[in-house]
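The values are calculated or read from the model by the stated rules, or taken from the named source; none is laboratory data. Predicted, not measured: the structure shown is a model, and the values here were computed from it. Positions of Cβ are backbone-derived with ideal geometry, glycine not excepted, and every protein chain shown enters the neighbour counts. Note: accessible area is taken over every heavy atom of the protein model, side chains too, but ligands, DNA and RNA are not part of it. Shrake-Rupley method; radii C 1.70, N 1.55, O 1.52, S 1.80 Å.
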Amino acid sequence: MESAILGVILDSSVVIEAERQHLNVVQFLKQIAQTIGEHEVALSSITVAELVHGIYRANTEERRTRRRAFVDDLKAAVPVYPITDNTAELAGKLSGDSAAKGVTIPFDDLLIGACALERGYAVATRNQRHFQEIPGLRLLEL
């Protein structure tokens with residue numbers, strides 16, 4: 001029997017999709033709650049870095065401003081979990097074990113996955129390809 005998840009770490013792919021749909025953060029979090037119930041929703045600091053990267057890649061000032069507001073509102077609404085030395089140890093183990101099997105997992109996805117595993121959380125993503133390579137990680141597609 002699969003254990004219950006304690007919460008969900010959002011991958012940038014689900015956040016980007018919400019922003020592209022012009023949802024505000026309240027609407028976005030309500031949509032997630034309707035899917036996952038009363039579990040905590042959080043970000044990894046790596047997800048924040050990916051989202052901020054997108055702010056600075058925006059090709060118009062309007063898009064940059066909209067993305068900045070969305071990220072700031074989201075960070076104010078949910079916890080952001082850092083990459084700790086324990087997270088780094090877990091990511092290194094996962095990376096080494098995967099590499100020994102000939103599997104390469106992008107480092108940012110590996111860190112997000114390790115952040116979730118460390119807390120007993122799932123990862124909500126629209127891009128399961130890389131995350132599904134992380135043993136024991138539960139995935140939610142939103």
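The set of residues in the stretch 46-64 that are open to solvent by 40 Å² or more (accessible area, probe 1.4 Å) and not acidic (Asp, Glu) comprises ALA49, HIS53, TYR56, ARG57, ASN59, THR60, ARG63, ARG64. Checking the stated criteria, GLU40 turns out not to satisfy the condition of being surrounded by 15 or more Cβ atoms within 10 Å (Cβ to Cβ), in contact with a Leu (Cβ under 9 Å, 6 or more places away or on another chain) and of a type in the set (D, E, K, R).
A count restricted to the stretch 52-77 and to residues that are in contact with a helix residue (DSSP H, G or I) (Cβ under 6 Å, 6 or more places away or on another chain), closer than 24 Å to LEU6 by Cα and not β-branched (Val, Ile, Thr) stands at 3.
When the stretch 81-100 is limited to residues that are outside any helix (DSSP H, G or I) and either touching an Asp or Glu at 6+ places or on another chain (Cβ under 9 Å) or open to solvent by less than 60 Å² (accessible area, probe 1.4 Å) (or both), the one that is farthest from GLN21 (Cα to Cα) turns out to be THR84.
Among the residues of the stretch 1-31, those that are over 24 Å from THR65 (Cα atoms) and in contact (Cβ under 8 Å) with a residue 12 or more places away in the chain comprise GLU2, SER3, ILE5, LEU6, GLY7, VAL8, ILE9. Among the residues of the stretch 101-117, just one is surrounded by fewer than 16 Cβ atoms within 10 Å (Cβ to Cβ) and of a type in the set (A, V, I, L, M), namely VAL103.
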